[in-house]
Amino acid sequence: SQVVEKASQFCQKIGYPIRYPVQRVQDLGAGTLALADRRAQKIYLSDRVLTQGVKQVASTLIEENLHLQEGLKDSTYDMQSFLFDQIVTMGEKLTGEVL
């Protein structure tokens, strides 16, 4: 879809290329917007997330890609630490200041 393509291009531009195939599915159940399938090495996106706009799809792609690429799990200290480190690193790049 155009939404997935635009979101993927944005992720690439900001340094988070989506390295896994993305497959659209109708529903993943129980409020799940997307799923990283480690066995298949694939990202599944529900139709519901595709209706929430390019920004949400980009966020979701980054998250699911990190699950596969870094082995990080939902709602964990490791995921939180990784994300905050990435935010600070972006800030270093924007300001030119290395912390």
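The values are calculated or read from the model by the stated rules, or taken from the named source; none is laboratory data. Note that this is a predicted model, so its numbers are computed, not measured. Heads up, the Cβs are rebuilt from the backbone with ideal geometry, glycines too, and the neighbour counts pull from every protein chain shown. Areas reflect the complete protein model, heavy atoms only, side chains present, ligands, DNA and RNA absent. Shrake-Rupley method; radii C 1.70, N 1.55, O 1.52, S 1.80 Å.
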Restricting to the stretch 64-99, give me the number of residues that are open to solvent by less than 90 Å² (accessible area, probe 1.4 Å) and in a helix (DSSP H, G or I).
18
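Yes or no, residue by residue, for (1) farther than 15 Å from residue 4 by Cα; (2) among the aliphatic types (A, V, I, L, M):
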| position | (1), (2) |
| --- | --- |
| 28 | yes, yes |
| 43 | no, yes |
| 66 | yes, yes |
| 70 | yes, no |
| 73 | yes, no |
| 78 | yes, no |
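The rows are residues; the columns are (1) hydroxyl-bearing (Ser, Thr, Tyr); (2) assigned to a strand (DSSP E or B); (3) touching a residue at least 12 places away in the same chain (Cβ under 8 Å); (4) open to solvent by less than 40 Å² (accessible area, probe 1.4 Å).
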| site | (1), (2), (3), (4) |
| --- | --- |
| 8 | yes, no, yes, yes |
| 12 | no, no, no, no |
| 39 | no, no, no, no |
| 48 | no, no, yes, no |
| 58 | no, no, yes, yes |
| 62 | no, no, yes, yes |
Inside the stretch 26-37, the number of residues satisfying the requirement of being surrounded by 13 or more Cβ atoms within 10 Å (Cβ to Cβ) and over 17 Å from residue 66 (Cβ atoms) is 1
Are any residues in the stretch 41-71 of a type in the set (Gly, Ala, Ser) and under 8 Å from the mean Cα position of the chain (by Cα), and if so, which ones?
58, 59
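Among 3, 25, 54, which is of a type in the set (Val, Ile, Thr) and farther than 25 Å from residue 90 by Cα?
One residue alone meets the criteria, 25.
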